[in-house]
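Notes follow once the structure below has been shown.
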Amino acid sequence: MAPPSNLGKRVKGTQVCRPFIYGTTAIPFGPQNPKPPGVPDDHTHSWQVFVKGLDDTDVTYWLRRIQFKLHESIPNHTNPIN
């Protein structure tokens, strides 16, 4: 008989390494990227944070949650994403 499967269970003492890329993009507001309503006048760019797999591979099968911690001056500066 085959041993029981540990799929989906945590295993103590085991490490798994998966490569991924994280970063930010910033785009100045202008004709191609209009400023949304309610954005303060002194904000000059829209920006986005991202996490993705190498060569745009799907990471959702091993990555379930990410928490971004931004500067405290930004509203909602701690953002968990599921």
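Each reported figure results from applying straightforward, stated rules to the coordinates on display, with no laboratory input. Since the structure is predicted, the reported quantities are computational estimates derived from the model, not experimental observations. Using ideal geometry, Cβ is built from the backbone for each residue, glycine included, and neighbour counts are taken over all protein chains shown.
Consider Pro36 against the criteria (1) of a type outside the set (Phe, Trp, Tyr); (2) in contact with a Lys or Arg (Cβ under 7 Å, 6 or more places away or on another chain); (3) surrounded by fewer than 10 Cβ atoms within 10 Å (Cβ to Cβ): it satisfies all of them except one. Which criterion is unmet?
Checking Pro36 against (1) of a type outside the set (Phe, Trp, Tyr); (2) in contact with a Lys or Arg (Cβ under 7 Å, 6 or more places away or on another chain); (3) surrounded by fewer than 10 Cβ atoms within 10 Å (Cβ to Cβ), the one that fails is (2).
Being surrounded by 10 or more Cβ atoms within 10 Å (Cβ to Cβ) and out of contact with any helix residue (DSSP H, G or I) (no Cβ under 6 Å at 6 or more places or on another chain) is the requirement here; does Val16 meet it?
Considered against the rule, which asks whether it is surrounded by 10 or more Cβ atoms within 10 Å (Cβ to Cβ) and out of contact with any helix residue (DSSP H, G or I) (no Cβ under 6 Å at 6 or more places or on another chain), Val16 comes out as no.
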